[in-house]
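J.: Please read through the structure below; I'll follow up with questions.
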Amino acid sequence: MDITRSEVVAVRAAAEVVNVRHIVRRAAVDLAFSLVEQTKIVTAASELARNMVDYGGGGDLTVELLSDGIRKGVRLIFEDQGPGIPDIQQALRDGFTTGKGLGLGLGGAKRLSNEFQIDSAPGRGTRITIVRWKGSA
Amino acid sequence: MQRIPILKMGPYLLVSIQVDMDDRTAMALQDDLMEQIVRHRARGVLIDISALDVVDSFIGRMLADTAAMARVLDADTVVVGMQPSVAITLVELGLALTGVRSALNIERGMDLLRSRIEGPGIADGHHEE
């Protein structure tokens, strides 16, 4: 599998979530994702970027365009140095929140993605990786 | 921070969201709407989201909360013009927006507000102050 393009965006403040949506939209458009596919990956990115700001103290988003044979996809990696997630299964459950949100961010982002991976431990920050492949809506 | 303009038309408030809102802009719109409902004694609020290509859980919750708060202030809310791709994504995200009345376009949204506020049969634009 090849990474045909990669860019890193710092996400420190809630207002920058809008910027994340635009950058991810551009990547999805560049791969000629359908409108529904674009909307799903942009919405997932919006949820995870906000989580990173609200719970991780901000972090970095890496946007990668993937090429795997004839498959093309977008991979998003959200990395923060925040407090980490003590119980990942609980955090994925709809309605679970330690903040003021709805608790749909992680579970919702997972449903909107084709691949979803969390690496996190208390005190070691959080890395969430999602992939959406073109033509999988 | 941007502010979304709110137009007053008779007993109604009209909002057309034309920008990708950050969270503070969304919350400011909610506050402004509540303040103007009271100031103008508005009976209905129409929010056009046809220009929004993303509605995430924050904006979705803002819309649902706005409708609930307006209800407490004796005003009905209709959200109009949601793009199909946004509707598909919202439901998959887990946000069904129950409690938010919606209509396909502004015209139908206004009809819905009029019929609820003026009662059936007189939804022809007349309104007694």
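J.: Scan the stretch B:83-116 residue by residue and report those that are closer than 24 Å to A:Ala109 by Cα, surrounded by 14 or more Cβ atoms within 10 Å (Cβ to Cβ) and either of a type in the set (D, E, K, R) or away from chain A (no Cβ under 11 Å) (or both).
T.: Hits for the stretch B:83-116 are B:Glu92, B:Leu97, B:Val100.
Yes/no per residue for (1) under 25 Å from B:Ile117 (Cβ atoms); (2) out of contact with any Leu (no Cβ under 6 Å at 6 or more places or on another chain); (3) hydrophobic (A, V, I, L, M, F, W, C):
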residue: B:Ile4; (1), (2), (3): yes, no, yes
residue: B:Asp56; (1), (2), (3): no, yes, no
residue: B:Gln83; (1), (2), (3): no, yes, no
residue: B:Val86; (1), (2), (3): no, yes, yes
residue: B:Val91; (1), (2), (3): no, yes, yes
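J.: Those residues that are of a type in the set (Lys, Arg) and crowded, with 19+ Cβ neighbours inside 10 Å, I need them from the stretch A:124-133; list them, please.
T.: Within the stretch A:124-133, just A:Arg132 meets the criteria.
J.: Among the residues that make up the stretch A:61-76, is at least one of them more than 21 Å from B:Met21 (Cβ to Cβ), surrounded by 18 or more Cβ atoms within 10 Å (Cβ to Cβ) and at pLDDT below 95?
T.: Within the stretch A:61-76 (the criterion being more than 21 Å from B:Met21 (Cβ to Cβ), surrounded by 18 or more Cβ atoms within 10 Å (Cβ to Cβ) and at pLDDT below 95), the answer is no, since none of the residues qualifies.
J.: Still on this model: Does A:Ala121 satisfy being open to solvent by less than 10 Å² (accessible area, probe 1.4 Å) and more than 13 Å from chain B (Cβ to nearest Cβ)?
T.: Taking the combined requirement at face value, the residue does not satisfy it.
J.: I need a count of the residues in the stretch B:15-33 that are within 21 Å of B:Met110 (Cβ to Cβ) and of a type outside the set (Gly, Ala, Ser).
T.: 6
J.: Is at least one residue of the stretch A:84-91 open to solvent by 70 Å² or more (accessible area, probe 1.4 Å) and either among the hydrophobic types (A, V, I, L, M, F, W, C) or touching a residue at least 24 places away in the same chain (Cβ under 8 Å) (or both)?
T.: Yes; the residues of the stretch A:84-91 include at least one that is open to solvent by 70 Å² or more (accessible area, probe 1.4 Å) and either among the hydrophobic types (A, V, I, L, M, F, W, C) or touching a residue at least 24 places away in the same chain (Cβ under 8 Å) (or both).
J.: Hey, among B:Leu93, B:Leu73, which residue is at pLDDT below 95 and hydrophobic (A, V, I, L, M, F, W, C)?
T.: Within the list B:Leu93, B:Leu73, the selection yields B:Leu93.
J.: Run down B:Asp22, B:Asp53 and say which single residue is surrounded by 20 or more Cβ atoms within 10 Å (Cβ to Cβ), among the charged types (D, E, K, R) and within 10 Å of another protein chain (Cβ to nearest Cβ).
T.: B:Asp22
J.: Quick check: anything in the stretch A:92-111 more than 20 Å from B:Gly60 (Cα to Cα) and away from chain B (no Cβ under 14 Å)?
T.: no
J.: Filter the stretch A:26-37 down to residues that are surrounded by 19 or more Cβ atoms within 10 Å (Cβ to Cβ) and more than 10 Å from chain B (Cβ to nearest Cβ), then give me how many there are.
T.: Adding up the residues that qualify gives 4.
J.: I need a count of the residues in the stretch A:1-25 that are surrounded by 14 or more Cβ atoms within 10 Å (Cβ to Cβ) and among the polar types (S, T, N, Q).
T.: The total comes to 1.
J.: Name the one entry in A:Lys40, A:Lys110 that is open to solvent by less than 70 Å² (accessible area, probe 1.4 Å), in contact with a helix residue (DSSP H, G or I) (Cβ under 7 Å, 6 or more places away or on another chain) and either part of a helix (DSSP H, G or I) or hydroxyl-bearing (Ser, Thr, Tyr) (or both).
T.: A:Lys40
J.: So, of the residues in the stretch A:1-25 that are assigned to a strand (DSSP E or B) and of a type in the set (Asp, Glu), which turns out to be nearest to the other protein chains (Cβ to nearest Cβ)?
T.: Only one residue tops the list, namely A:Glu7.
J.: Which condition does A:Thr98 not pass, out of (1) part of a loop (DSSP other than H, G, I, E, B); (2) surrounded by 16 or more Cβ atoms within 10 Å (Cβ to Cβ); (3) of a type in the set (Val, Ile, Thr), if it passes all the others?
T.: Single failed check for A:Thr98: (2).
The values are calculated or read from the model by the stated rules, or taken from the named source; none is laboratory data. Small disclaimer: the values here were computed from a predicted structure and weren't measured. Reconstructed Cβ throughout: ideal geometry from the backbone, glycine too, with neighbour counts over all protein chains shown. We work out accessible area using only protein heavy atoms, side chains counted, and drop any ligands, DNA or RNA first. Shrake-Rupley method; radii C 1.70, N 1.55, O 1.52, S 1.80 Å.
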